[in-house]
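The values are calculated or read from the model by the stated rules, or taken from the named source; none is laboratory data. Keep in mind it's a predicted model, so treat the numbers as computed, not measured. Methodologically, a virtual Cβ is constructed for each residue, glycine included, from the backbone with ideal geometry; neighbour enumeration extends over all protein chains shown.
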Amino acid sequence: MTDNNNDPHRAKVHHIYAYIRDNYYFNRPDLRIKGEEFNAALLFSLLVGLFQGKALIIGEPGLGKTTSVEYMGALLYRLPLGTIWRGEISGHPEQTEEKIIGRPDLGKLSQGKEVVVWSHFSLLPVKIVDEINRLPETKQSLILDGVDRGNWAYLNDAIINREYCLFATANYQDQGTNTIIAPLMDRFDMMVESKHPGANLAGCIGTESPDGAALRHESLENQFKSVLSREDDYEDRMKKVEELSGEFGSYLEENYQLPSFSLAERQAIRSQKDEIRFDVDSHAFLRFITAELSFCYPYGQKRSRESCEEGCHFNGYLCHRIKSCISNRFPMSARSLSQALAWLLGDDHVDLEHLKAVLPYTLAHRIQWKENAVARCEKAMRRDPLEIYMAKEAVEEVHERYMEQGHRIKEALAVACRIAENEAMAPLHGDHPLYWEIRKDLGEEVHPP
């Protein structure tokens, strides 16, 4: 992996990626972009952790889903492993709001005072839910607002995380698992599979890799526990947590030459990422695919309760194969992750290659395919789970259409902007849902050809 532009922050991220890849999460590269090879699960988990996203990591049991993000969180946020472990939530049917979010201080309650003892999960910036699909659907609803906004409420009190990332792991369906509810699925920025590393690499696990001792510090872990258990104001506790994190970062650097990030460094990196702009093609392509995932001529937009007519003019597009409209969180996730990837690779703008790399992982858990579309792909020869495979195929299909008419799409978008600024121009016509969306936005009455 190259150290693009010699940026010290970027060099640290590359170092952390390589350290976890070589010591804790043995796996094969399965993603190639800009001439570099990555393991998708490790790469996107790293970007999600650094840029405050939310990731769902799926796979068979025992393939390092939880372990990899524990080590990643330790280095990105300077938290000892013991502290991260104390903040993890396990998915099981008996999980309660008091174990997940907070509980009343019974001693204070007996005195007539309502004081909340917040869980380490709700307080810490690195949040991990292990085997989330073992939570019953009713229990999953408990974390919806916290997952979405970092807003955790209990009794008459609430805290709002100043920064946080969330990782949830899920094994494939068995007798003990439940369906992850659609509102929770949509809140994840991306879904990726943790794959088996192969027999040769698997043989090295437990023999050549360190046992995690470098990321343990018993004394500091006890101090973190003490600070997080106080009744202090949330911001005061977080300031003390950052001080302890600085001590742990110095310990890692001095004893193991391991890089880590302070709060100020993380904020600086996020500012750099936000300054990265999209080129014309990536901007147009994101609108292009969003149109196919939301458009419906008879009803204006896709709705799960309304079915397409077989003779619809647009039955060759994705809109005819999906059940419902894509959410507004999709383009937000796609933009953020593609900017993060461009930043990591040292590029000054997002192009189609960045965007195409992240799109399948931001779409796989969000698209609700019709049964006939699933049936056509179930028996295909594929290396990915069905959801990710279908998302990759969809992105390639839409990309082919875009390459055929991209120049006209960009002209149509430019014309739409000029008309919106009150210039007298006639919008271009074309045979794609995006043209129809542009014309509707401009107040035209449209009819299918």
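Here are the numbers:
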quantity	calculated
Selection count where residues are crowded, with 20+ Cβ neighbours inside 10 Å and part of a loop (DSSP other than H, G, I, E, B), scope the stretch 260-299	4
Members of the stretch 352-372 found to be part of a loop (DSSP other than H, G, I, E, B) and among the basic types (K, R), listed by number	R366, K370
Residue list for the stretch 94-143, restricted to those being small (G, A, S) and under 18 Å from K225 (Cβ atoms)	G102, S119, S122
Identity of the residue in the stretch 155-200, of a type in the set (S, T, N, Q) and in a loop (DSSP other than H, G, I, E, B), that ends up surrounded by the most Cβ atoms within 10 Å (Cβ to Cβ)	S194
Identity of the residue in the stretch 240-256, surrounded by fewer than 13 Cβ atoms within 10 Å (Cβ to Cβ) and of a type in the set (D, E, K, R), that ends up farthest from L79 (Cα to Cα)	E254
Cβ-Cβ under 6 Å pairs, at least 6 apart or on other chains, the stretch 315-326 side among the acidic types (D, E), far side buried (at least 20 other Cβ atoms within 10 Å of the Cβ)	none
Residue that is touching a helix residue (DSSP H, G or I) at 6+ places or on another chain (Cβ under 6 Å), among the small types (G, A, S) and farther than 21 Å from F188 by Cα, where the choices are G300, G346, G249, G316	G346
Filter result for Y361 (more than 25 Å from E306 (Cα to Cα), surrounded by 14 or more Cβ atoms within 10 Å (Cβ to Cβ) and in contact (Cβ under 8 Å) with a residue 60 or more places away in the chain)	yes
Single condition S307 does not satisfy, out of (1) under 29 Å from F44 (Cβ atoms); (2) surrounded by fewer than 20 Cβ atoms within 10 Å (Cβ to Cβ); (3) polar (S, T, N, Q)	(1)
Search result, residues across the stretch 373-407 that are over 23 Å from P331 (Cα atoms), of a type in the set (K, R) and part of a helix (DSSP H, G or I)	R376
Some residue of the stretch 393-403 being aliphatic (A, V, I, L, M), closer than 22 Å to K195 by Cα and over 22 Å from the mean Cα position of the chain (by Cα)	no
Scope the stretch 369-393; condition in contact (Cβ under 8 Å) with a residue 40 or more places away in the chain and buried (at least 16 other Cβ atoms within 10 Å of the Cβ); matching residues	W369, A373, D384, P385, E387, I388
Residue under evaluation K113, criteria (1) at pLDDT 95 or above; (2) surrounded by fewer than 23 Cβ atoms within 10 Å (Cβ to Cβ), criterion not met	(1)
Helices (runs of 4 or more DSSP H) lying entirely in the stretch 109-154 (those with 2 or more residues that are in the same structural domain as P61 (by TED's automatic domain parsing) and without any contact (Cβ under 8 Å) to a residue 40 or more places away in the chain)	120-123, 144-149
